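One structure is given below, represented as structure tokens, and several questions about it will come after.
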């Protein structure tokens, strides 16, 4: 290290101008002060460049907390003050309630600590209250319509053997045969021995069997039951078939998870050497409206 000259020291001590010292000595002092700046933090002459080295040490944390799942400001708390974590997602629906029947949840993403606009949700059509119109206006019963189309009166059973072998099916959907009971409650002098009220009572029993197959928590939303049909077969109830009657029905029910499904049921009563009764209901329900889907 080069020491300051005697002229410089004297001038500094008595408060004289440094101009009284030679130019070379002044420049030398600047270099020395620059070296001193490295050690003591002072800046002089060209020593400012050397003094920059004094800023070394640990890098401080970013004082701004960003909602990214990290502790940016190193205070021991992650994402404080954030309403959500960057890139996180959650289900949403653009209304102050859950999606109506048949409608689908949407999804929103956390962007800059704020949830984005809800996207991909499905809304009911204009003028409708649900995305599934099965329960709006005149409720639809597509499985019921298919069975009626497949089994007009000409396709219904007209003998004991036909009743016991009857296995209705439509659109790939079969029906469970619940029971065939002999009895005499259908016998009457009118309508070939078949009583309308008894056909209706038998259909009510078939409906009860269908309802017992509904999942736990399901509720019946709509039922359709057309007038029962009776055919006089011209025989005698004590011998040949004298009459046959049947009654179709269909119900829509809503499950606990808000799906809408349909069950069809049927009762057939035949008067021939006594009575033969058959009770049926859908082997599997038909899904009309799926439950709302919550995105993961």
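Failed condition for residue 91, given (1) outside the structural domain of residue 222 (by TED's automatic domain parsing); (2) assigned to a loop (DSSP other than H, G, I, E, B); (3) surrounded by fewer than 19 Cβ atoms within 10 Å (Cβ to Cβ), with all others met?
Residue 91 satisfies all of (1) outside the structural domain of residue 222 (by TED's automatic domain parsing); (2) assigned to a loop (DSSP other than H, G, I, E, B); (3) surrounded by fewer than 19 Cβ atoms within 10 Å (Cβ to Cβ) except (2).
Can I ask one more? Quick check on my filter: what residues within the range 135-157 are crowded, with 17+ Cβ neighbours inside 10 Å and either closer than 24 Å to residue 239 by Cβ or over 36 Å from the mean Cα position of the chain (by Cα) (or both)?
Listed by number, the residues that qualify are 151, 156, 157.
Can you tell me which of (1) surrounded by 19 or more Cβ atoms within 10 Å (Cβ to Cβ); (2) modelled with pLDDT under 80; (3) part of a strand (DSSP E or B) is the one residue 177 doesn't meet?
With (1) surrounded by 19 or more Cβ atoms within 10 Å (Cβ to Cβ); (2) modelled with pLDDT under 80; (3) part of a strand (DSSP E or B) applied to residue 177, the lone miss is (1).
Out of the range 196-235, which residues are closer than 25 Å to residue 287 by Cβ and part of a loop (DSSP other than H, G, I, E, B)?
Scanning the range 196-235 gives 213, 214, 215, 216, 217, 218, 225, 226.
Any residue that is on the phi > 0 side of the Ramachandran plot and touching a strand residue (DSSP E or B) at 6+ places or on another chain (Cβ under 6 Å) - is there at least one of those in the range 275-287?
Checked against the condition, which is being on the phi > 0 side of the Ramachandran plot and touching a strand residue (DSSP E or B) at 6+ places or on another chain (Cβ under 6 Å), the range 275-287 yields no hits at all.
Answer yes or no as to whether residue 139 is modelled with pLDDT of 80 or more and part of a loop (DSSP other than H, G, I, E, B). Can you show your working first?
Numbers: modelled with pLDDT of 80 or more: yes; part of a loop (DSSP other than H, G, I, E, B): yes.
For residue 139, the condition - modelled with pLDDT of 80 or more and part of a loop (DSSP other than H, G, I, E, B) - is met.
Starting from residues that are surrounded by 19 or more Cβ atoms within 10 Å (Cβ to Cβ) and in a loop (DSSP other than H, G, I, E, B), keep the ones in the range 237-296 and report whichever is modelled with the highest pLDDT.
285
The values are calculated or read from the model by the stated rules, or taken from the named source; none is laboratory data. All of these numbers come straight from a predicted model, not from anything done at the bench. Neighbour counts are summed over all protein chains in view; Cβ atoms, including those assigned to glycine, are modelled from backbone coordinates with ideal geometry.
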